[in-house]
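Below is one structure, written out as structure tokens, with a few remarks after it.
The values are calculated or read from the model by the stated rules, or taken from the named source; none is laboratory data. Since the structure is predicted, the reported quantities are computational estimates derived from the model, not experimental observations. Please note: Cβ atoms are built from the backbone with ideal geometry, for glycine as well, and neighbour counts cover all protein chains shown.
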Amino acid sequence: MTNSTTASKQSTAAPTTARELKKGSLATLRGLTPFLLPYKRQFVMAAIALVVAACATLAIPAAFKQMIDLGFGGNGAKSIKHVDLVFLALFAVATVLALATAARFYTVSWLGERVTADIRSAVYKHVVTQSPEFFETTQTGEVLSRITTDTTLIQAVVGTSISMALRNVLLFLGGLVMLFVTSPKLSAIIIGLLILTVLPIVMFGRRVRKLSRDSQDRIADASAMAGEILNAMPTVQAFTHEHIESSRFGGSVEGAFQTAMRRIRARALLTMIAIVLVFGTIVFVLWLGAHAVLSGDMTGGDLGQFILYASIVAGAIGALSEVMGEAQRAAGATERLLELMSVKSSIQSPAAPLALPPRAANGAALSLHDVTFSYPSRPETSALGHLSLEIKPGETVAVVGPSGAGKTTLFQLFLRFYDPQSGSIKLDGVDITQLDLHTLRDAIGIVPQDTVIFSADAMENIRYGRAGASDEEVIQAAKLAAAHEFIERLPQGYKSFLGERGVRLSGGQRQRIAIARALLKNPPLLLLDEATSALDAESERLVQKALEAAMVGRTTVIIAHRLATVQRADRIIVMEDGKIVETGTHSSLVALGGIYANLAALQFHNVHVEH
């Protein structure tokens, strides 16, 4: 399947999923089921604790009825004894309630933490497998917001709100049953009136859910903006844009605040309406009950029991409205996370991958046949057009040409960060789409133009090339890349922390760390994207010598603007507008008098071309 077709399917799948999720908050929260199922035993334990606590709570009003009717209604020692027994029973019930509540709290809190950790891991694991196409349209800060802020909301629901909801549902249902046992007439009236209170709660609940989703989106926007600016702080300060960027971020935060306030106002109104309607209903029914006691239709104990059960039912409804507000926020967060999880990378390993043939002594063969490619974000612009190329094992091929000619695109296709719309790319005779992605990328070492240095020490940054390498192998790779000497001069040598994105290193030092990383990997195919561009003359000489030694026994493809670094290549390919326009050695291309000869004249003879 072509990349465009896959991308099309991807773009249509995600909105469908989102539309399905938006049917209701309960439907959205069902998306958490796969993360909850592994912990059935803990849920059963929590449920038992919930039921015990609810039963203990529901037993309290019945004990009060006994105390009022039998304890206060009688005389003498018998009444005192009965009151003593009732209070002993109440203390026993309270003890059971305390133990069950503690067990419930511990279990559901554990579940909240565990499920949240699983969700964060699953989302991160999913995101890191996405192709570069995903990151063309998604800001890193937004992804981080979903992993942190949204999962925190889900933690509150799993660790607290679900437990509270179930507890109050049990209390509501149990209290309702006991209300009917106490007084069917008054209970029927109170239920009829309570049903009328549900309608405004449901209406406002939908509005709160929408505002909750909007609030999370605004927070994610602010996080994305902050991440982008903090990663470009030297540029911001160089252009004296600190005040401008602070104002931009302040505006974004203010927008998030205003959205949050709309959500808070809606929730406050929802809570107010629920409390007024519920307790107004209770007060009205209790007024009727007071008249029933005065007329002799009910005992004082019955009314006391009814009042307590009505309070339990009312409290349960009030708590459920609060939980509903939290659930609405979590529904918005869940929806955002599930949208992220529903995105499928267009670049996938095949179901039945092929194996590469045994590694040859002189490197890997690489071939492109009639390859045409456009970036998904720019489908109308062709990055490569009907390009064919054969690279033999052990050959060193340099790719030169003006910016935008398609040189870096070649490397991205070799690594299968993208798939071409047509044509094929083969490594050692095997179509790379038939290889497992790890098998393909393990066979390729790359030194990118923009070197990535991780927040770790020098040893671990180089060891990133091969995770299982020994310290001695790391040091040997550093020596080959002319990095050993400057690393040794660092305060803690190879254990020196290099700073976030390598801010403690010069451009040339970062480049040599990247070269050492690629050499440690020891791949059959080496890709060098402007590998010596950031080096001074002396470092370039050292690294060039190291690279020439590293090229022995492997196939190498070099992208370079500085032609001095490619003169000794077995073959030089000149690209322009996504096509190969010239091929040959340095001397033959200079003699040809074309694009390469013009580039060489500009660089080696300092010739100025008049326009």
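Of the residues that sit in the range 208-227 and are over 19 Å from Leu144 (Cβ atoms) and hydrophobic (A, V, I, L, M, F, W, C), which one is modelled with the lowest pLDDT? So the residue we want is Val208.
Scanning the range 361-391 for residues that are among the acidic types (Asp, Glu) and free of Cβ contacts under 8 Å to residues at least 40 places away in the same chain, we see that the one that is nearest to Ser212 (Cα to Cα) is Glu380.
Does Glu380 fit the bill of being in contact with a Lys or Arg (Cβ under 9 Å, 6 or more places away or on another chain) and not polar (S, T, N, Q)? Taking the combined requirement at face value, the residue does not satisfy it. Does Gln155 qualify as being assigned by TED's automatic domain parsing to the domain that holds Gly315, under 30 Å from Glu228 (Cα atoms) and surrounded by 20 or more Cβ atoms within 10 Å (Cβ to Cβ)? So Gln155 passes the test.
Okay, residues lined up against (1) loosely packed, with under 12 Cβ neighbours inside 10 Å; (2) part of a helix (DSSP H, G or I); (3) at pLDDT below 80:
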{"site": "Ile229", "(1), (2), (3)": "no, yes, no"}
{"site": "Thr235", "(1), (2), (3)": "yes, yes, yes"}
{"site": "Val253", "(1), (2), (3)": "no, yes, no"}
{"site": "Arg267", "(1), (2), (3)": "no, yes, yes"}
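Out of Phe279, Phe257, Phe284, which single residue is part of a helix (DSSP H, G or I), free of Cβ contacts under 8 Å to residues at least 60 places away in the same chain and over 37 Å from the mean Cα position of the chain (by Cα)? On inspection, the qualifying residue turns out to be Phe279. Based on this model, can you work out whether Ile391 counts as assigned by TED's automatic domain parsing to the domain that holds Gln412, buried (at least 19 other Cβ atoms within 10 Å of the Cβ) and β-branched (Val, Ile, Thr)? Yes: the conditions hold for Ile391. When you go through (1) touching a residue at least 12 places away in the same chain (Cβ under 8 Å); (2) over 37 Å from the mean Cα position of the chain (by Cα); (3) outside the structural domain of Asp428 (by TED's automatic domain parsing) one by one for Pro358, which number turns out not to apply? All conditions are met except number (1). Somewhere in the range 136-144, is a residue modelled with pLDDT of 75 or more, closer than 30 Å to Val343 by Cβ and part of a helix (DSSP H, G or I)? Scanning the range 136-144, I find at least one residue that is modelled with pLDDT of 75 or more, closer than 30 Å to Val343 by Cβ and part of a helix (DSSP H, G or I), so the answer is yes. The single condition among (1) surrounded by fewer than 18 Cβ atoms within 10 Å (Cβ to Cβ); (2) modelled with pLDDT under 75; (3) closer than 30 Å to Asp297 by Cα that Gly192 does not meet is (2). In the range 421-499, counting only helices (runs of 4 or more DSSP H) that sit wholly within it, the ones holding 2 or more residues that are touching a helix residue (DSSP H, G or I) at 6+ places or on another chain (Cβ under 7 Å) span 458-463, 471-480, 484-488. Of all residues in the range 295-320, those that are part of a loop (DSSP other than H, G, I, E, B) and touching a residue at least 24 places away in the same chain (Cβ under 8 Å) total 2.
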